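The values are calculated or read from the model by the stated rules, or taken from the named source; none is laboratory data. Model, not experiment: these values are computed from the prediction. A quick note on method: Cβ atoms are made from the backbone with ideal geometry, for glycine too, and the neighbour counts reach across all protein chains shown. Surface areas here come from the heavy atoms of the whole protein model, side chains and all, with no ligands, DNA or RNA. Shrake-Rupley method; radii C 1.70, N 1.55, O 1.52, S 1.80 Å.
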Amino acid sequence: MKKIPYIAAVTMLLVLGTGMALANTSAVVSGVPGKVNHQEMQNFAKSIKKIEPIDAKAHAVLTNDSLDSTAKYQKLAVYNKQIKDVLADNHLTPERYEMLLRKAETNKSFAQRTEKALHATG
């Protein structure tokens, strides 16, 4: 079984904003996203697929020692906007997306359902 690709926490901190992400940590960990209907699952899977390459680019920037902090910030801001646009196009908020990722990490049946949706999206 292939492991479901997850967006890295660093990128989610970019999308959510550091303060907001830290404030929401307890709610995300203890909160349960509730029922996820077929359409939302499709939107979630599409988002994962589209965000994965953006996340890889963001990690490359973060680990590139030849870039100064200003250059890193500027590049990461572009990736941040791209991620927000992907989520908006798929009718998900960054908070909801993060909750769904957490559920896929902690709930085996939801992870399997997510994997099926990822395979169905091509």
* Report, by residue number, each residue of segment 42-68 that is assigned to a helix (DSSP H, G or I) and either without any contact (Cβ under 8 Å) to a residue 24 or more places away in the chain or of a type in the set (Lys, Arg) (or both). => Lys46, Lys49, Lys50, Pro53, Ala56, Lys57, Ala60, Val61
* To do: Name, by its number, the condition in (1) modelled with pLDDT of 75 or more; (2) loosely packed, with under 15 Cβ neighbours inside 10 Å; (3) on the phi < 0 side of the Ramachandran plot that does not hold for Gly34.
  => (3)
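Would you mention how many residues in segment 97-109 are among the basic types (Lys, Arg) and open to solvent by 50 Å² or more (accessible area, probe 1.4 Å)?
Here the count works out to 2.
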* Hits in segment 41-96 - residues which are of a type in the set (Ser, Thr, Tyr), open to solvent by 40 Å² or more (accessible area, probe 1.4 Å) and within 24 Å of Gln112 (Cα to Cα) -> Thr93
* Assess whether Lys72 counts as being in a helix (DSSP H, G or I) and touching a residue at least 40 places away in the same chain (Cβ under 8 Å). => no
